[in-house]
1. As a quick test, which of the pairs B:LYS16/B:LYS61; A:LYS30/B:LYS16; A:LYS75/A:LYS228 have an alpha carbon distance above 29 angstrom in this structure?
2. I need the peptides A:199-210, B:221-232, B:13-24 ranked by packing, meaning the mean over residues of other C-beta atoms within 10 angstrom, with the highest value on top.
3. Can you compute 3J(HN,Hα) from phi for each residue in the stretch B:101-117, using the Karplus curve 6.51 cos²θ - 1.76 cosθ + 1.60 with θ = phi - 60°, rounded to whole Hz and x for Gly and Pro?
4. Using only DSSP helix segments of four residues or longer, with each worth -39500 (n - 2.57), what per-residue ellipticity at 222 nm results for the protein assembly as shown after dividing by its residue count and rounding to 500?
5. Return the sequence-ordered ³J(HN,Hα) values of the stretch A:81-92 in whole Hz as given by the Karplus equation 6.51 cos²θ - 1.76 cosθ + 1.60 applied to θ = phi - 60°, using x for Gly and Pro.
6. For peptide B:143-150, compute the average count of partner chain beta-carbon atoms within 10 Å of each residue's beta-carbon.
7. Ignore the peptide's own chain and count Cβ atoms of other chains within 10 Å of each Cβ in A:21-30; give me the average, rounded.
8. Label B:ASP186 and A:ASP143 with points 7 Å out from Cα along Cα→Cβ: what is the distance between them in nm?
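Laboratory data are not the source of any read-out in this text; all were calculated from the coordinates shown. What you see is a predicted model, and the numbers here were worked out from it, not measured in a lab. Cβ sites come from the backbone with ideal geometry, for glycine too, and all protein chains shown count toward neighbours.
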Amino acid sequence: MGSIGKIGFLGGGNMAKAMAKGFIAAGLTKPSGLIASVHPADKISLQSFQELGIETLTENAPVVERSDVVFVSVKPQVVPKVLEEIKPLSGNKLFLSVAMGITLKCLESSLSAQSRVIRVMPNISALVRSGCSVYVRGSRANDADAQITQRLLEAVGTCESCDESQLDIVTALSGSGPAYVFVMIEALADGAVRMGMPRDMAYRLAAQTVMGSGHMVRESNTHPGQLKDNVTSPAGSTAAALKHLELSGFRAAVAGAVEAATQRCREISSET
Amino acid sequence: MAKAMAKGFIAAGLTKPSGLIASVHPADKISLQSFQELGIETLTENAPVVERSDVVFVSVKPQVVPKVLEEIKPLSGNKLFLSVAMGITLKCLESSLSAQSRVIRVMPNISALVRSGCSVYVRGSRANDADAQITQRLLEAVGTCESCDESQLDIVTALSGSGPAYVFVMIEALADGAVRMGMPRDMAYRLAAQTVMGSGHMVRESNTHPGQLKDNVTSPAGSTAAALKHLELSGFRAAVAGAVEAATQRCREISSET
C-alpha cells in the first residue's frame, strides 16, 4: 500500500490528539509527518501535540498547504468560517471531518470542487486504541480515499463505512455510547462497594469485566442472548441479578438512551 | 472455563498441548472434543491426571467436587490445586485433600475465552508465594488477575463472575435501540460490542474517575446529555448496582447452603 502522505489537523481536542497518538503508535507516520493548528488560547492541545513531537501552529492555512490529508477537528460552530478561510488552498486534498452535525453537503459546498471529503464519527476510546469509528464517503471521495481513511482509523480501533443517513444513530450508539458505559461501570462499582468491596478493586473488576464482555461479543459468532444464557446457571447468582435488571426496566433504559440521543442528533442536524 | 484457560495457556506460550492433560466425564463429548482439538490428552479418569500433574485445576461441577476430592486425596500430596468450583470453600477443599497439598480458589470469568478475562484468586492456608506466582502467571495468560480475601469472593462472583451477563444484555439493548431508530442489526451489534469494549478499556487504562470520563464526552445540550437524562430517569444506576447486590446475596445464600 502506498504512503498516506502528510497528515494535518485543524483544531485540537481529544479526538485529534487520540488519533495523532494512535497513528504514530501504529507506525503509520512519524511525528514529523503530522502538523496541527490549534487556537492560540488552547494551551492544552498545544502542549499535547508538542509532547508528541508534532509541529503545532496557530494558523490553519499552512497546515492545509503542507498536508495531503486534513482532519477538520475544530468545533462545529467555527467550521464554516474555517472552511471559507482554507477553500482557496483545498484543491486536490482529502478532508476528514469529525465535526458533529456538519453535513457532507455543507462541507463539499464550502471547499474547492477539486477537494474530496469524508465525514468521520470516531469515539473517545481512540485514546486507548480501542475506538469505534464510522465514516461516510462524500460524492467526490474515491476508493483510495476510503482506503486511506480505513487505514488511519484502524490504527485507533475498528472502522466501517455507512450512509450519511445512519450517522445520527451512529453518533447515539458509538459516539455517545461510552458515556452510558462509564455510568454503568460506576454503578457496578457502587453496588460492589455497598456489598463490602473496596472501591479501587471494584473499579478494576468492573472495567475489566465490561471490556472483556464487549470483546466476547465482538469475537464471538454467538448471539448476545445466547452468551447470556451460557453464563446463567440454574438458580445461580447471575439469574438473580438478571431478574433485578429486568424488573428495573434495564433494557428499556439502555435502548431508550440510544433513541433519545438519536432524536437529539436529528434535532441538531436540522437546526444546523 | 477449563477450555478457555487451556486455550489461553497455549496461546500465551506458557505450555504446549503436550504439557496439559485433562479428565472429562464420559458423557461430556463436547469437552472431550474441545480438548482433543487443542491437542490435549483427554481421559475419563481423574487419578492419572492428578498423578501426572504438578498443578491441577478442579473444574468439575460443584455438586461432584466432594466425591472427586475424596477419590484423589491419596494422590494429592505435594501438588497445587486451583479450584474454580463456585461455592466450595477453602476449608472444604483443604480438609478434603492431603495435608501436604496446597489449594488456591479462583474466580475467573467467561471472557477468558478471548483472553480478556477478569480473574481473582484466594490463597489457601498452605499456599505459598511460589504458588501465588504460578497462579498469577497462568491467569494473566487469559486476562487480568488479582488476589483477595475469601470474604470478598461472593461480591467478586456477583461483579466479575456474573457481570458479563449484565453486559451482554446491555449490548443487546443498545443494538435494539439502534435498530428501532433505523440501523441494520449486524452493524448495531458490531458498534455496540466495540463501544462497550473500548469504554471498558478506557476506564481500565485511564487514571480518571468514570464520572469525569462521562463528563468529558458530554457536550452541552448534545446527544449524550439527552441519553444520560433518559438513563437517570429510568433508574439505570439503581438497576445496575442492584443487580450486583442481588447476585451477591444469592451467592451468600448458596455459600451458606453448601
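1. Values: B:LYS16/B:LYS61 26 Å; A:LYS30/B:LYS16 39 Å; A:LYS75/A:LYS228 41 Å.
Correct reply: A:LYS30/B:LYS16; A:LYS75/A:LYS228.
2. Details: A:199-210: 23.6, B:221-232: 20.5, B:13-24: 16.0.
Highest-to-lowest ranking by the protection proxy: A:199-210, B:221-232, B:13-24.
3. 9, 10, 10, 9, 8, 10, 10, x, 9, 4, 6, 4, 4, 10, 6, 10, x
4. Values: 24 runs with 275 residues, N = 530.
Mean residue ellipticity, 222 nm, calculated: -16000 deg cm²/dmol.
5. 5, 5, 4, 4, 4, 9, 3, x, 9, 8, x, 6
6. On the way: counts 5, 7, 1, 4, 0, 4, 0, 0.
The mean count of partner-chain Cβ atoms within 10 Å per residue comes to 3.
7. Details: counts 0, 0, 0, 0, 0, 0, 0, 0, 0, 0.
Average neighbour count from other chains, rounded to a whole number: 0.
8. 2.1 nm
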